[in-house]
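Attaching a single structure in structure tokens format; questions to follow.
The values are calculated or read from the model by the stated rules, or taken from the named source; none is laboratory data. Quick caveat: nothing in here was measured; it's all calculated off a predicted structure. Note that we place each Cβ from the backbone using ideal geometry, even for glycine, and neighbour counts take in every protein chain shown. For the accessible areas, the whole protein counts, side chains as well, though only heavy atoms, and no ligand, DNA or RNA atoms are used. Shrake-Rupley method; radii C 1.70, N 1.55, O 1.52, S 1.80 Å.
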Amino acid sequence: MRYVIKTNKTKLYQFVKGCSGLELPSMKSFEFKQVGNSYWLSSYRYTFYLSGVCGKPLLRICEYISDELPQRERVVYPSVEYLLEGGLLQEVSQ
């Protein structure tokens, strides 16, 4: 089976909140964009990128303390099963 990431602001926010372990502000304070096959969720303090790299899902987490470079940055590789449970993947025909 082949999947593509397909999500909306609510699903991505819930996924990020569960996956990151961070105390996030309300969903209303986040901006959501689709950039190609990737998704971007950003607030004044956090930025999250969800994309597929070489067939594997990747979540990049950036935490900002000031307007400069990210103070903390990490990458999480969520499992396909976790993304399927969260409703963030869509099956596509081969």
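As I understand it, the value is the acute angle between the Cα axis of helix 9-20 and the longest principal axis of the Cα atoms of the chain; what does it come to in degrees, rounded to 10?
So the inclination is approximately 70 degrees.
Where Lys and Arg each count +1 and Asp and Glu each count -1, what net charge lies around Phe15 among other residues with Cβ under 14 Å from its Cβ?
Values: positive: Lys6, Lys9, Lys11, Lys17, Arg60; negative: Glu81, Glu85.
Value of the local net charge: +3.
What is the extension gain from Ser51 to Ile65, computed as 0.36 nm multiplied by their sequence separation minus the C-alpha to C-alpha distance, in nm to one decimal? Before the final figure, lay out each step's value.
Values: separation 14, 0.36 × 14 = 5.04 nm, distance 2.43 nm.
Value of the extension gain: 2.6 nm.
Which value, in nm² and rounded to one decimal, describes the direction-averaged projected area of the C-alpha convex hull of the stretch 17-94? Walk me through the intermediate numbers first.
Values: hull surface 24.3 nm².
Dividing the Cα hull surface by four gives the mean projection, 6.1 nm².
While we're on this one: For the pair Arg2/Leu22, report the inter-label distance in nm, with labels modelled 7 Å from Cα in the Cβ direction.
Computed distance between label sites Arg2 and Leu22 equals 3.3 nm.
Just the number please: accessible area per residue for the chain, 1.4 Å probe, all protein chains included, in Å².
Averaged over the residues of the chain, the accessible area is 66 Å².
What whole-number distance in Å separates the alpha-carbon centres of the stretch 1-26 and the stretch 39-56?
Here the two parts' Cα centres lie 9 Å apart.
Here's a follow-up. Calculate, for Glu91 and Tyr44, the FRET efficiency according to 1/(1 + (r/R0)^6) with r their C-beta to C-beta distance and R0 41 Å; round to the nearest 0.05.
Working: r = 36 Å, r/R0 = 0.87.
Once the sixth-power term is evaluated, E becomes 0.70.
Also, quick follow-up: What number comes out for the charge environment of Ile61, summing +1 per Lys or Arg and -1 per Asp or Glu over other residues with Cβ under 9 Å away? Could you put the intermediate results ahead of the total?
Details: positive: Arg60, Arg72, Arg74; negative: Glu63, Glu73.
So the surrounding residues net to +1.
Within the chain, what whole-number % of the accessible surface is contributed by carbon and sulfur, with the 1.4 Å probe and all protein chains included in the calculation? Write down the numbers at each step before the final one.
Working: 3040 of 6210 Å².
Carbon and sulfur: 49 percent of the exposed surface of the chain.
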